[in-house]
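Undergrad: Would you mind keeping the following structure in view while I ask a few things?
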Amino acid sequence: MLLISCPYCGPRAETEFRNGGEAGIVRPTRSAEMSDGEWANYVFTRTNPKGRFHERWCHVQGCGRWFTAVRDTVSDDFEGFHKVGEPVPENGR
């Protein structure tokens, strides 16, 4: 079982959380001017890196808040957890 450290509640079992996918996706400001292909790319295309990855998590069975985690996708080791809006240091901790 994975332990995930909610930045608001502390360490909890992974069963209390929901993964929200890649972090740092910014909604386009002029979406009405985008082509269907550009919009589809924004909605559906995500990176799938091998190794260090920033992703969004929600503590659904706790505080209900979203945060960002830095996880190694190969080992499933978490390197750091950050509240939404906090700057993420280069090393992810």
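The values are calculated or read from the model by the stated rules, or taken from the named source; none is laboratory data. Please read all numbers here as calculations on a predicted model, not as lab measurements. Positions of Cβ are backbone-derived with ideal geometry, glycine not excepted, and every protein chain shown enters the neighbour counts. When the accessible area is computed, the model is the full protein with side chains, heavy atoms only, and any ligands, DNA or RNA have been set aside. Shrake-Rupley method; radii C 1.70, N 1.55, O 1.52, S 1.80 Å.
Undergrad: In deg cm²/dmol and to the nearest 500, what is the mean residue ellipticity at 222 nm of the chain if only DSSP H runs of at least 4 residues count, each as -39500 (n - 2.57), divided by the residue total? Provide the component values of the computation, followed by the final result.
TA: Numbers: 1 runs with 9 residues, N = 93.
So the helix-based figure for the chain works out to -2500 deg cm²/dmol.
Undergrad: I would also like to ask the following. Using DSSP to define loop residues, name the trypsin sites (Lys or Arg not before Pro) in the range 1-47 whose beta-carbon has at most 13 other beta-carbon atoms within 10 Å.
TA: Listed in order of number, the matching sites are ARG30, ARG46.
Undergrad: Additional query: Write down the accessible area per residue of the chain in Å², having rolled a 1.4 Å probe over the full set of protein chains.
TA: Details: 6250 Å² over 93 residues.
On a per-residue basis, 67 Å².
Undergrad: Of ASN48, THR29, GLY85, which is farthest on the positive side of the dipole of the chain, counting Cα position, with +1 on Lys and Arg Cβ, -1 on Asp and Glu Cβ, and the Cα centre as origin?
TA: Projecting each Cα onto the dipole axis, the largest value belongs to GLY85.
Undergrad: Could you rank LYS83, LYS50 by how accessible they are, 1.4 Å probe, largest area first? Intermediate results must be reported in sequence, preceding the final value.
TA: Working: LYS83 75, LYS50 180 Å².
If we order LYS83, LYS50 from most to least accessible, we get LYS50, LYS83.
Undergrad: Between ILE25 and GLU86, 0.36 nm times their residue separation minus their Cα-Cα distance comes to what? Don't skip to the answer; put the middle values down first.
TA: Details: separation 61, 0.36 × 61 = 21.96 nm, distance 1.52 nm.
20.4 nm is the gain from fully extending ILE25 to GLU86.
Undergrad: Still on this structure, please answer the following. What part of the accessible area of the chain, given as a whole %, is carbon or sulfur when the probe is 1.4 angstrom? Don't skip to the answer; put the middle values down first.
TA: Details: 2990 of 6250 Å².
Reported share for carbon and sulfur atoms: 48 percent.
Undergrad: Can you send over the solvent-accessible area of THR45, 1.4 Å probe, protein chains only, in Å² to the nearest 10?
TA: For THR45, solvent-accessible area is about 80 Å².
Undergrad: Assuming R0 = 25 Å, can you tell me the calculated FRET efficiency for the pair ASP72 and ASP36, based on Cβ-Cβ distance, to the nearest 0.05? Working shown, then result.
TA: Working: r = 35 Å, r/R0 = 1.42.
Using R0 = 25 Å, I get an efficiency of 0.10.
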